[in-house]
Amino acid sequence: MPRLTQETGTQVTVITAHDIEITQRRDLSTLLAHTPGLNMVRTGGPGGTGSIFMRGLNANEVKLRLDGMDINDPSGPAGAFDTAQFLTDGLARVEILRGPQSGLYGADAMGGVIDMKTQKGRGSLKTGLRIEGGTYSTANQMAYLSGQLEKFHYFIELSHNHVGRYQAVPRYYRQKIESKIATNRNDNRTANLRFDYDMLENLTFTLTSHLTQADYDFEADQSLPPDYVSVPTSLRNENNLNQAIIRGETKLVLFHGAFEQYAGLGYVTYRRRDRTAGQADIAFNRGDRLKADWRGLTHLGQNASFLVGYDHIKERLIRPARYQTVTDAGYGQLEGNWRDIFYGAANIRFDQNSRYGHYVTWRVAPAIKVPHTGLTLKASGGTGFHGPSLNQLFVSYPDFNSFANPNLKAEKLIGFDAGFEEHLLKDRFVFGADYYENHVHNLINYAYVPSMKAYSYLNVARAKTHGMEAYFTAKFLSSLQWQSSYSYVIARDLEEHAMLARRPKHKITSSLIWTPIKDLTIVPSVLYVSSWHDIDRYNFKKIRSEGYVTLDLSAQYNLTKQAQLFIRADNMANERYENPAGYSQPSRSFYGGVTIGL
């Protein structure tokens, strides 16, 4: 059920379609980089592998969903979601729920959940076209068609994003190489479709589809004897992705709105083709997920509800080998409030997996609104788990002395957070903070096993993460708003007594939304990320990467009701930085274009 943030104990950040439009963040990697509690890592520019580290936990311990469908990659080595080719056009809303969420969402939701929704067509026919160009031979186009014909709602959006020349090898390293070094290029074609049909007053059917075809060519490193240190070259590796996310859902409302039930069927497939420069062979990775689900929501008067649900999930690895796993799960959640003072939610879930056993997870999230103060005290606690991927369980590479482990168990977590949120002067000023702590065991590590004289996956590691998050929003005038956040995280490997890689201790975001005149909106944004522990891209030694500060500026001006001009400047101070180590992030760059309503 939709809730105001002060009516839930869960720490949540909401990004709307309007937020995406005014900041002009075209892909999920750049959008999430400015979100509290996350560290967004990308191997270079657009198209580079994107990893989400939430509250210091691993990237494969965060679950992503689109329109109710789980979209983590079943064919990937670790089962994580790669943000590289996911564009933000067509999104209506992004909710980032931080903290263990397996009690409702199941496996892979240890660190949290990122839940995305596609826009719904409403009202009269609307069509539009956006054309954008800029640095790195950027050439982007977007077109949409949206509206409603009585009971039928439709939304169709097509995007093409192209980057032609992007250099991901750091300048200091290029200066050591006498030969030419290849640049990266990326070409992404994405379609978003949503159709809703109100069959009856109380019966609705929704069909959504997200289709992506992308080609990413990137500089190829080469390992040279005798020490086999990696060296950048003039050659390019090639990566081709075909992705489809499809879901249909029926909603039936009974007993004058007292009972809602939803029945859904979803399918996601990934097909990747990788060619290493200088080699004739092509590596194929393919996997898919089929999910059938049902949930029923009973409204217990005006102030409480009870949710029950069932999921049946079948995941397959098709290439490079054929394996599958099946999960059946049931869950329940009780949610309510007392006199608009005490709010609470509690859930529990049972997952039975055909490969790695059964798991029971839970979560409680109370909140107390102190009357006449605008203050809400919030807390939550729960458990989570992340199952081993089909690659980790079954795919071995004897030529590289690397072997799977079919006896792997799921990683487990218990965590909590507590904090407050304050609303003052009719929500003109909103600020809050929270402290969190997570304890993880059974972590899956890839390491050398002396008894096997080979490398394999083992459940051996333990980790602890803790930190705090703070945020502040001020509406000084109807035309001026300030948003800022601070994140602090300590993530430690308890077995090695070392800090986990790619977890910066400090992160600060700040932005102004300024409308100096009616049709002009200007949004300057600042992002600060402190130093972190990492692995050098070329010699694989442990290093400490330098922090960075970036300043971005976006502006849009409505020429008419049907035409809008926009410009964007990223990294205006021309900060030279890498995240992760060895991969240069975009330097000062400029973009601009026009959006036309037809």
Rounded to the nearest 10 Å², the accessible area of residue 126 at probe 1.4 Å: 90
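Is the C-alpha gyration tensor of the stretch 282-380 telling us rounded, prolate or oblate? Criteria: a/c under 1.5 is rounded; beyond that, a/b larger than b/c is prolate, otherwise oblate.
Working: a/c = 3.36, a/b = 2.51, b/c = 1.34.
Judged from the Cα gyration tensor, the stretch 282-380 comes out prolate (a/c at least 1.5, a/b above b/c).
Tell me the carbon and sulfur percent of the accessible area for the chain, rounded to whole percent, probe radius 1.4 Å. Write down the numbers at each step before the final one.
Values: 15870 of 27110 Å².
Taking all protein chains in place, the chain shows 59 percent carbon and sulfur surface.
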Square roots of 5 times each gyration tensor eigenvalue, C-alpha, the stretch 183-321, largest first, Å: 47, 16, 13
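Between residue 530 and residue 201, how high is the FRET efficiency from 1/(1 + (r/R0)^6) when r is the Cβ-Cβ distance and R₀ = 35 Å? Nearest 0.05. Walk me through the numbers before you get to the answer.
Numbers: r = 55 Å, r/R0 = 1.57.
Computed FRET efficiency for residue 530 and residue 201: 0.05.
Largest first, what is the accessible-area ranking of 116, 499 with a 1.4 Å probe? Numbers along the way, then the final one.
Numbers: 116 0, 499 60 Å².
I get 499, 116, largest accessible area first.
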Difference of contour (0.36 nm per residue) and Cα-Cα distance, residue 400 to residue 145: 86.8 nm
Accessible solvent surface per residue of the stretch 5-597, calculated while the other protein chains remain in place, 1.4 angstrom probe, Å²: 45
Eligible lysines near residue 561 by straight Cα distance, threshold 16 Å, same-chain separation 8 or greater: 126, 518
Largest-first ordering by accessible area, 1.4 Å probe, given options 41, 308: 308, 41
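Rounded, prolate or oblate for the stretch 323-384? Axes are the square roots of the Cα gyration tensor eigenvalues, ordered a ≥ b ≥ c, and the cut-off for rounded is a/c under 1.5. Don't jump to the answer; show the numbers that get you there.
Details: a/c = 5.12, a/b = 3.41, b/c = 1.50.
Prolate.
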Simple label model, 7 Å out from Cα along Cβ direction - residue 539 to residue 340, nm: 6.4
Approximate spin-label separation residue 519-residue 473, in nm, with each point projected 7 Å along Cα-to-Cβ: 2.9
5 angstrom amide H check on residue 236, placed H, neighbours 5+ away: 220
Whole-Å distance, taken between Cα centres, linking the stretch 363-410 and the stretch 545-565: 35
Added length on full extension, which subtracts the Cα-Cα distance from 0.36 nm per residue, residue 211 to residue 179: 7.6 nm
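Can you give the extra length, in nm with one decimal, that the chain gains between residue 322 and residue 573 once fully stretched, where that is 0.36 nm per residue apart less the Cα-Cα distance? Spell out each step's value before the answer.
Numbers: separation 251, 0.36 × 251 = 90.36 nm, distance 4.96 nm.
Result: 85.4 nm gained on full extension.
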16 Å Cα-Cα reach of residue 475 towards lysines, excluding residues that sit fewer than 8 places from it in its own chain: 426
The chain - charge dipole about Cα centre, Lys and Arg +1 at Cβ, Asp and Glu -1, debye rounded to 20: 420
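How would 176, 475 line up by accessible area, probe 1.4 Å, largest first? Could the numbers behind the result be given before it?
Values: 176 140, 475 90 Å².
The residues order as 176, 475, largest area first.
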Shape of the stretch 104-150, Cα gyration tensor, a/c cut at 1.5: oblate
FRET E, pair residue 480, residue 265, Förster distance 30 Å, beta-carbon r, rounded to 0.05: 0.05
Exposure of residue 452 as accessible area (Å², to 10), given a probe of 1.4 Å and all protein chains: 90
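May I ask you to list the trypsin sites (Lys or Arg not before Pro) in the stretch 264-322 that are in a DSSP loop and have at most 16 other Cβ atoms within 10 Å of their Cβ?
Values: sites: 271, 272, 273, 275, 286, 289, 291, 295, 314, 316, 322; in loops: 322.
Listed in order of number, the matching sites are 322.
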Cα lying deepest toward the dipole's positive end in the stretch 5-597, options 470, 445, 223, charges on Cβ: 223
Proximal aspartates and glutamates relative to residue 409, as straight alpha-carbon distance under 12 Å, when same-chain residues fewer than 8 apart are discounted: none
J(HN,Hα) series, the stretch 584-598, from Karplus relation 6.51 cos²θ - 1.76 cosθ + 1.60, nearest Hz, glycine and proline x: 5, 8, x, 7, 4, 8, 10, 9, x, x, 9, 10, 10, x, 9
Signed unit charges on C-beta, dipole axis of the stretch 5-597, positive-most listed residue 375, 258, 71: 71
Computed accessible area, residue 23, all protein chains, 1.4 angstrom probe, square angstrom: 20
Pairwise FRET efficiency - residue 435 versus residue 598, Cβ, R0 = 45 Å, nearest 0.05: 0.35
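Determine the dipole magnitude for the stretch 362-447: charges of +1 sit on the beta-carbon of Lys and Arg, -1 on that of Asp and Glu, nothing else is charged, the reference point is the Cα centre, and the result goes in debye to the nearest 20. The partial results should precede the final answer.
Details: 7 positive and 8 negative charges, 54 e Å.
Value, rounded to 20: 260 debye.
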Cut-off under 5 Å, modelled amide H: who pairs with residue 356 long-range: none
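Please state, to two decimals, what the Cα-based radius of gyration of the stretch 61-159 comes to when divided by 2.2 N^0.38 Å (N = residues). Could you put the intermediate results ahead of the total?
Details: Rg = 16.9 Å, N = 99, 2.2 N^0.38 = 12.6 Å.
After normalising by residue count via 2.2 N^0.38 Å, the value is 1.34.
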Projected area, mean over directions - the stretch 515-598, Cα convex hull, nm²: 7.2
Spacing of the two label points (7 Å from each Cα toward its C-beta) at residue 228 and residue 587, in nm: 3.4
Residue among 112, 81, 127 farthest towards the positive dipole end of the stretch 71-138, charges placed on Cβ: 127
In sequence order, calculated HN-Hα J values of the stretch 243-257 (Karplus, 6.51, -1.76, 1.60; Hz; x Gly/Pro): 10, 9, 10, 10, 8, x, 9, 10, 10, 10, 10, 10, 6, 6, x
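The values are calculated or read from the model by the stated rules, or taken from the named source; none is laboratory data. Predicted, not measured: the structure shown is a model, and the values here were computed from it. FYI the Cβ positions are ideal-geometry reconstructions off the backbone, even for glycines, and counts take in every protein chain you see. What goes into the accessible areas is simple: the full protein's heavy atoms, side chains included, and nothing from ligands, DNA or RNA. Shrake-Rupley method; radii C 1.70, N 1.55, O 1.52, S 1.80 Å.
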